[in-house]
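**Q** I have a structure I would like to understand better, so I am pasting it below and will then ask my questions one at a time.
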Amino acid sequence: MRPQALIRFVLPTAILAQSPDTSLGSTLNITVLGARHNRSTLECWALQPGFEISDQPGQAGTAELDLGTIGGNASFTVLPAGFDGGRHNAPAMQWVVFLSGLAHITLPNSTTEAWIQGGKNGVVLVLDTADVSTLGHFTKYPSRDRTTSVLIPLGEKGVPGHRVLHGGPCQGEELLV
């Protein structure tokens, strides 16, 4: 069996001092492209159990959130400006971390959409594989610049602990950083 790497999200400890009932609390809120009743969905999730204080060398004293293990090869993608990814399903349950650019995600048979700006709030969990969603989703990259992202497949533990905040993508102050 191949060893799996652990993924961690790290922030300054000042984030932990914030009141848990604010939108900038002690957890990471992310947009999730999931599925229900064989249709893709967009939801805003708060990952649980939340941030802890890191004791990792070089990051000791900062806030970290365990995102689970990697389930295969991670990849770095570069999408040209204006690229249209068409309708598709997620090839695997995976984290998509948009580093730059802009992604516009829409759903068949729904007016729900997500605009994901690359950078500090560009983390999306994509779970709508073909076995749970018949039609998948559409993704376009309307930026005038390239969109870059890192794709990280989920490991054996699968979907991280979470609390569903609401249907639709996380927006504005709901985002952590």
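The values are calculated or read from the model by the stated rules, or taken from the named source; none is laboratory data. Computed from a prediction, not measured in an experiment: that's the story for all the values here. When we count neighbours, we look across all protein chains shown, and the Cβ atoms used for this are built from the backbone with ideal geometry, even at glycine. Surface areas here come from the heavy atoms of the whole protein model, side chains and all, with no ligands, DNA or RNA. Shrake-Rupley method; radii C 1.70, N 1.55, O 1.52, S 1.80 Å.
**Q** Peptides 107-113, 40-46, 67-73: what's the order by average Cβ count within 10 Å, highest mean first?
**A** Top of the packing list down: 40-46, 67-73, 107-113.
**Q** Further question: Report the label-to-label distance for His166 and Thr112 in nanometres (one decimal), using points 7 Å from each Cα along the Cα→Cβ vector.
**A** About 1.3 nm separates the two model spin labels.
**Q** In whole percent, what relative contact order does region 29-175 give with Cα contacts below 8 Å and a gap of six or more residues?
**A** Answer for region 29-175 is 39 percent.
**Q** What does the C-alpha gyration tensor say about the overall shape of region 105-155? Classify as rounded when a/c is under 1.5, otherwise prolate if a/b is larger than b/c, or oblate. Walk me through the numbers before you get to the answer.
**A** On the way: a/c = 2.17, a/b = 1.26, b/c = 1.73.
It is oblate, given that a/c is not under 1.5 and a/b is not larger than b/c.
**Q** Heavy atoms only, probe 1.4 angstrom, no DNA, RNA or ligands counted: give me Asp145, Asp128 ranked by accessible area, highest first. Present the calculation step by step, with values, prior to reporting the outcome.
**A** Details: Asp145 105, Asp128 0 Å².
Correct descending sequence by accessible area is Asp145, Asp128.
**Q** What's the extension gain from Leu99 to Thr77 if we count 0.36 nm per residue and subtract their Cα-Cα distance?
**A** 6.9 nm
**Q** Would you rank His166, His137, His104 by solvent-accessible area, highest first, keeping every protein chain in place and using a 1.4 Å probe?
**A** Output order, biggest surface exposure first: His166, His104, His137.
**Q** Within 10 Å of each candidate Cβ there may be at most 11 other Cβ atoms; applying that plus a DSSP loop requirement, which trypsin sites (Lys or Arg not before Pro) in region 108-159 survive?
**A** Lys120, Arg144
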